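Coordinate-derived values only; no laboratory data. All values reported here derive from a predicted model rather than from experimental measurement. When we count neighbours, we look across all protein chains shown, and the Cβ atoms used for this are built from the backbone with ideal geometry, even at glycine.
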Amino acid sequence: MKGLVLSGGFGTRLRPLTYSQQKQLIPVANKPILFYCIEDLINAGIKKIGVVVGPNKEQVMDAVRSVSWPADIEFIHQDYPGGLAHAVKVSRDFLGDDKFVMYLGDNLLKGGACNYIRDFARSSNAASLLITRVDDPQEYGQALIDEREKIIVKLVEKPKETLSNFTLVGIYGLTPIIFEAIDKIKPSWRNQLEITDALQWLIDNGYRVDYRMVEGWWKDTGKPEDILEANRLVLDELRPENKGKIENSVVKGRVGLGRNSVVKDNSVVEGPAIIGEGCTISNAYIGPFTSIGNCCEIIGTEIENSIVMEGTKIVNAGKIVESLIGKNVVIEKGNSLPRGGRFILGDSSKVKI
């Protein structure tokens, strides 16, 4: 069985960050979201993985190639965002006649999907979907289910009227019959080939599509608040490792501190939090649910419930909360009095406050 991870799209809901970096590479607890997906497939025993790339494809390819994965990884170019079914269609040569699991590269799942993937590997069904119950189903593809038979009855992509409170998690177990279904459907009103339409074609033509409920939490990290929530959820399960130095400072709770990083000058770090390699935390407060990337400097500033990406320097910036701050950003005190701040900043921004 093969894996197919989708890492394309423009990520418009995450601008300005996604003007300069692919959304699936935004870090949660200092690791790109995409890497959690790849690891999940590998942990389930899949050794051949295709990564579908689009905008910023070189960035994604460089990031994935920077890791020595225990799997063969091939890159597949999707020349425009034509929908999930279109991503499957352009991957046909890679997938061949094998079963495969399609994993959206901006999804996070507590504990991963190993049990679901292994169940699908043993199944004779045409497809298997992972679903969950949500309070706001209008934002997602919805599924009407037969709980007695454990099958999907109907699927609709973001309907105007609610079909059910069950939504599709971005992980799909598929078989080669899906290619016939994709060939039969037409683009939706969004001018995209919808995977829900292809799956509905299977159902309408007598193929069995079963489902499994998510165990634990699931996050679709499409918006800044979703990424910050995912960061909190992952950090809440952090198993910290301290490889840095603590000088005349207090570090309490579950805190990971990377190599060649130093916490000094009466700083306080409260976990759960993670600080990358080569960082300097001086006369600062790093509060719970904060991730600081590699080679950052945080001086004379309070930060909590935030993600700060690599190479960023924040000096005497008062208090920063619930913020998503890109790479190589500079935030420093200007001539105004210090005030609290909340930011979503793209890479290489410079801000005086």
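Under the criterion of Cα pairs below 8 Å and six or more residues apart, the relative contact order for the chain equals 13 percent.
Here the label points at residue 15 and residue 133, each 7 Å from Cα along the C-beta direction, are separated by 3.8 nm in the simple model. Farthest toward the positive end of the dipole of the chain, out of 68, 272, 131, is the Cα of 272, where the dipole comes from beta carbon charges about the Cα centre. For the pair residue 266 and residue 119 in one chain, pulling the backbone fully straight at 0.36 nm per residue adds 47.7 nm over the alpha carbon distance. Expressed as a fraction of 2.2 N^0.38 Å, the value expected for a compact globular protein of N residues, the C-alpha radius of gyration of segment 69-123 is 1.29. Of the beta bridges in the chain, as assigned by DSSP with both residues counted there, near 25 percent are antiparallel.
Name the shape class, rounded, prolate or oblate, that the alpha-carbon gyration tensor gives for segment 2-230, where a ≥ b ≥ c are the square roots of its eigenvalues, rounded holds for a/c under 1.5, and otherwise prolate holds if a/b is larger than b/c and oblate otherwise.
rounded
Segment residue 177..residue 72, full-extension length gain: 35.4 nm, with 0.36 nm per residue of separation and the alpha-carbon distance subtracted.
Listed by Cβ neighbour count within 10 Å, with the fewest neighbours leading, 39, 237 appear as 237, 39. For 289, 75, the sequence from fewest to most other C-beta atoms within 10 Å is 75, 289. Near residue 98, once Lys and Arg are set to +1 and Asp and Glu to -1 for all other residues with Cβ below 14 Å from its Cβ, the sum equals +1. Distance between the 7 Å Cα→Cβ label points at residue 58 and residue 239: 3.8 nm.
Computed per residue of the chain from DSSP H runs no shorter than four, each worth -39500 (n - 2.57), the mean residue ellipticity at 222 nm is -5500 deg cm²/dmol.
Between 216, 50, 278, the residue with the greatest mean-square fluctuation in the GNM of the chain (Cα pairs under 10 Å linked by springs) is 216. Give, as ranges by residue number, the residues of segment 31-46 whose backbone N falls under 11 Å from the point 7 Å along Cα→Cβ of residue 98. The answer is 46, whose backbone nitrogens lie closer than 11 Å to the label point.
Summing Lys, Arg as +1 and Asp, Glu as -1, what charge do residues with Cβ under 14 Å from the Cβ of residue 145 carry, residue 145 excluded? Intermediate values should be presented prior to the final figure.
On the way: positive: 133, 148, 150, 154, 208, 212; negative: 146, 147, 149, 210.
Neighbour charge sum, excluding residue 145 itself: +2.
With both labels modelled 7 Å from their Cα along Cα-to-Cβ, the residue 208 to residue 150 distance reads 1.0 nm.
Among 116, 207, 36, the largest mean-square fluctuation in a Gaussian network model of the chain, built with springs joining Cα atoms closer than 10 Å, belongs to 207.
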